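S.K.: Below is the structure I would like to discuss, written out as structure tokens.
The values are calculated or read from the model by the stated rules, or taken from the named source; none is laboratory data. None of the values given here were measured: they were computed from a predicted structure. With ideal geometry, Cβ positions are generated from the backbone for all residues, glycine too; neighbour counts draw on all protein chains shown. Surface accessibility is based on the protein's heavy atoms, side chains included, excluding ligands, DNA and RNA. Shrake-Rupley method; radii C 1.70, N 1.55, O 1.52, S 1.80 Å.
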Amino acid sequence: VVAYPRHGDQADTPDSWQGYFDQLSEASAFVGLNTTAFLEAAVADRPCLTIVSDEFYDQQGRTGHFRHLLAADFLEVSPDIDGVAQRIERILQGYDEKAQQRKAFTESFLRPQGLETPAQTIVADLLEHLAGHTTPNDRHRTLITVESRK
């Protein structure tokens, strides 16, 4: 197991963001307890593993967003570190039991305008429309309509 960076890092520069992406995209799997990195790992199409137990209830069970991730059924859930190790072994053997759920979660929740459309394009189109400079792009009309109601 390689933990990188060893002393933590704040991805706040282009180089550190690239390093963060490289870590996720080159990893065999991602292991965490309750982190937004599950979202980035899902976009990078990497198996996401976690431990769900009473020991971590305050960090997991009390947060709505973690329950949402569990409901999406793309996390590989184990009761302890031994279970995580067994799941990692299966992943290294080529088994990825949650690949379909991960893809469905990514397409429906994280990238509803399509995986091929860069998020910055969607945001730029939305901002230009809200500023009154453009009409909504058909592909982004749903997003703009939802955002305009808020």
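S.K.: Would the range 54-65 turn up any residue that is part of a helix (DSSP H, G or I), over 15 Å from the mean Cα position of the chain (by Cα), of a type in the set (Phe, Trp, Tyr) and loosely packed, with under 14 Cβ neighbours inside 10 Å?
M.R.: So far as the range 54-65 goes, yes, one or more of its residues are part of a helix (DSSP H, G or I), over 15 Å from the mean Cα position of the chain (by Cα), of a type in the set (Phe, Trp, Tyr) and loosely packed, with under 14 Cβ neighbours inside 10 Å.
Here is a yes/no grid of residues against (1) of a type in the set (Gly, Ala, Ser); (2) at pLDDT 85 or above:
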{"position": "1", "(1), (2)": "no, no"}
{"position": "4", "(1), (2)": "no, no"}
{"position": "16", "(1), (2)": "yes, no"}
{"position": "31", "(1), (2)": "no, yes"}
{"position": "48", "(1), (2)": "no, yes"}
{"position": "52", "(1), (2)": "no, yes"}
{"position": "59", "(1), (2)": "no, no"}
{"position": "62", "(1), (2)": "no, no"}
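S.K.: Would a scan of the range 117-126 turn up a residue that is open to solvent by less than 70 Å² (accessible area, probe 1.4 Å), under 23 Å from residue 30 (Cβ atoms), at pLDDT 85 or above and not small (Gly, Ala, Ser)? Full working, then the answer.
M.R.: Initially, the range 117-126 is screened for residues open to solvent by less than 70 Å² (accessible area, probe 1.4 Å), giving 117-119, 121-122, 124-126.
Applying the additional criterion that residues be under 23 Å from residue 30 (Cβ atoms) yields 118-119.
Restricting the remaining residues to those that are at pLDDT 85 or above gives none.
No; the residues of the range 117-126 include none that is open to solvent by less than 70 Å² (accessible area, probe 1.4 Å), under 23 Å from residue 30 (Cβ atoms), at pLDDT 85 or above and not small (Gly, Ala, Ser).
S.K.: Does residue 22 satisfy the criteria of being open to solvent by 80 Å² or more (accessible area, probe 1.4 Å), without any contact (Cβ under 8 Å) to a residue 12 or more places away in the chain and of a type in the set (D, E, K, R)?
M.R.: Taking the combined requirement at face value, the residue does not satisfy it.
S.K.: Sticking with this one: Is there a residue in the range 86-95 that is polar (S, T, N, Q) and open to solvent by 70 Å² or more (accessible area, probe 1.4 Å)?
M.R.: yes
S.K.: Mind checking which helices (runs of 4 or more DSSP H) fall wholly inside the range 70-130 and carry at least 2 residues that are closer than 17 Å to residue 37 by Cα?
M.R.: 99-105
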